[in-house]
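The values are calculated or read from the model by the stated rules, or taken from the named source; none is laboratory data. The model shown is predicted, which means the values in this text are computed figures rather than measured ones. All Cβ positions, even for glycine, are placed from backbone atoms using ideal geometry, and neighbour counts span all protein chains on display.
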Amino acid sequence: MSKTSAPLPDSFIAPVCNEQIEILFEDESLLVINKPSGLLSLSGKNPQNKDSVHHRLVQDYPTATMVHRLDLGTSGVMVVALNKAVNAHLTKQFQARSVIKEYQAVLLSHIAEDEGVIDAPIAKAEFPYQKICVETGKLAQSHYRVLERLQEPLSGVNTSKVLFTPLTGRTHQLRVHSKEIGHPILGCDLYGLTIDGIDSQSLAPRLMLHASSLKFEHPLWSKDIEFSEGDLD
């Protein structure tokens, strides 16, 4: 999860994404969409990474601009501006941290506490990684609440389904924070861990992180609106 995603290396080629973008809401000022996992938010520098949320949307909405981004593997709710004034209005809300975002994630093993706040500053590390660093990191806080504690019927592997509410918007924040507490997000290729011989990345075919809801002030209506999009299965 991030308000801005880390740039991709020029050698990286995103896999083909055949899933479609779902339009959840539209009016003359903005779109609210459901982004599929495996689709870039913005096209990369490499011409083979042209396919993206923005590239697809401008075919039908030529004035569409991205206000925020979700990482390649993250699915879920995004808001897209349809003019510069709306983009500026929404951007101010994200900068002021008044936009409320919730994410569902599936983590390795059972989390002992039912809820809590992960408070661990995040700094840039060797590209494309981020790291926890008390000396140079920026404030990063993530609230979590356990929705379910599960056990895979065949493997017997314990997992926890959680609802994250990031209180800040650092790059890769939820992935880094999950790793920091020893419960990495399943399917994460950057911040996976092997615990008791179990590799968290290998347990899922995709990053098990989904932007499940988004609440913000509509730029024209001057009142809050909220959109939710399903559960992470």
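Cβ contacts < 7 Å: first residue over 11 Å from S29 (Cβ atoms), restricted to the stretch 218-233; second residue of a type outside the set (V, I, T) and assigned to a loop (DSSP other than H, G, I, E, B), any location; separation 6+ or different chain. Result?
Once the first residue is over 11 Å from S29 (Cβ atoms) and sits in the stretch 218-233, its partners that are of a type outside the set (V, I, T) and assigned to a loop (DSSP other than H, G, I, E, B) give I225/H218; L232/M208.
Outside the structural domain of L30 (by TED's automatic domain parsing), of a type outside the set (D, E) and modelled with pLDDT of 95 or more, is that true of L154?
no
Using the structure shown, decide if R206 is more than 19 Å from the chain's Cα centre (by Cα), at pLDDT 95 or above and basic (K, R).
no
Would the stretch 170-179 turn up any residue that is outside the structural domain of R69 (by TED's automatic domain parsing), farther than 29 Å from V16 by Cβ and surrounded by fewer than 18 Cβ atoms within 10 Å (Cβ to Cβ)?
No, there is no match, as no residue in the stretch 170-179 is outside the structural domain of R69 (by TED's automatic domain parsing), farther than 29 Å from V16 by Cβ and surrounded by fewer than 18 Cβ atoms within 10 Å (Cβ to Cβ).
With the requirement that a residue be in a helix (DSSP H, G or I) and of a type in the set (V, I, T), what does the stretch 28-58 give you?
Hits for the stretch 28-58 are V53, V58.
Among the residues of the stretch 58-78, which ones are of a type outside the set (D, E, K, R) and touching a Leu at 6+ places or on another chain (Cβ under 7 Å)?
Y61, T63, A64, M66, V67, L72, G73, T74, G76, V77, M78 - these are the residues of the stretch 58-78 that are of a type outside the set (D, E, K, R) and touching a Leu at 6+ places or on another chain (Cβ under 7 Å).
In the stretch 151-188, how many are of a type in the set (A, V, I, L, M) and without any contact (Cβ under 8 Å) to a residue 40 or more places away in the chain? Let's see the steps before the verdict.
Of all residues in the stretch 151-188, those of a type in the set (A, V, I, L, M) come to 154, 157, 162-163, 167, 174, 176, 181, 185-186.
After this cut, where a residue has to be without any contact (Cβ under 8 Å) to a residue 40 or more places away in the chain as well, the list is 154.
So the count comes out to 1.
Does Q130 satisfy being touching a strand residue (DSSP E or B) at 6+ places or on another chain (Cβ under 7 Å), over 20 Å from Q201 (Cα atoms) and in contact (Cβ under 8 Å) with a residue 24 or more places away in the chain?
Values: touching a strand residue (DSSP E or B) at 6+ places or on another chain (Cβ under 7 Å): yes; over 20 Å from Q201 (Cα atoms): no; in contact (Cβ under 8 Å) with a residue 24 or more places away in the chain: yes.
For Q130, the condition - touching a strand residue (DSSP E or B) at 6+ places or on another chain (Cβ under 7 Å), over 20 Å from Q201 (Cα atoms) and in contact (Cβ under 8 Å) with a residue 24 or more places away in the chain - is not met.
Just checking, which of S37, S29, S41, S11 is modelled with pLDDT of 95 or more and over 18 Å from the mean Cα position of the chain (by Cα)?
S29
Being touching a residue at least 40 places away in the same chain (Cβ under 8 Å), surrounded by fewer than 23 Cβ atoms within 10 Å (Cβ to Cβ) and among the hydroxyl-bearing types (S, T, Y), is that true of even one residue in the stretch 192-204?
No, the stretch 192-204 contains no residue that is touching a residue at least 40 places away in the same chain (Cβ under 8 Å), surrounded by fewer than 23 Cβ atoms within 10 Å (Cβ to Cβ) and among the hydroxyl-bearing types (S, T, Y).
Determine whether the stretch 179-197 contains at least one residue that is of a type outside the set (S, T, N, Q), farther than 28 Å from L139 by Cα and modelled with pLDDT under 95.
yes
Taking the conditions exactly as written (out of contact with any helix residue (DSSP H, G or I) (no Cβ under 8 Å at 6 or more places or on another chain) and at positive phi), does G156 satisfy them or not?
So G156 fits the description; yes.
Does any residue of the stretch 66-77 turn out to be in contact (Cβ under 8 Å) with a residue 60 or more places away in the chain, surrounded by fewer than 19 Cβ atoms within 10 Å (Cβ to Cβ) and at positive phi?
Among the residues of the stretch 66-77, not one is in contact (Cβ under 8 Å) with a residue 60 or more places away in the chain, surrounded by fewer than 19 Cβ atoms within 10 Å (Cβ to Cβ) and at positive phi, which makes the answer no.
With H110, H68, H89 as the choices, which residue is assigned to a loop (DSSP other than H, G, I, E, B), modelled with pLDDT of 95 or more and either more than 19 Å from the chain's Cα centre (by Cα) or aliphatic (A, V, I, L, M) (or both)? Working first, answer last.
Numbers: H68 fails: either more than 19 Å from the chain's Cα centre (by Cα) or aliphatic (A, V, I, L, M) (or both); H89 fails: assigned to a loop (DSSP other than H, G, I, E, B).
Criteria check complete, one pass: H110.
When you check K50 against the structure, is it in contact with a Ser or Thr (Cβ under 8 Å, 6 or more places away or on another chain), loosely packed, with under 15 Cβ neighbours inside 10 Å and at pLDDT below 95, yes or no?
Judged against the criteria, K50 is a match.
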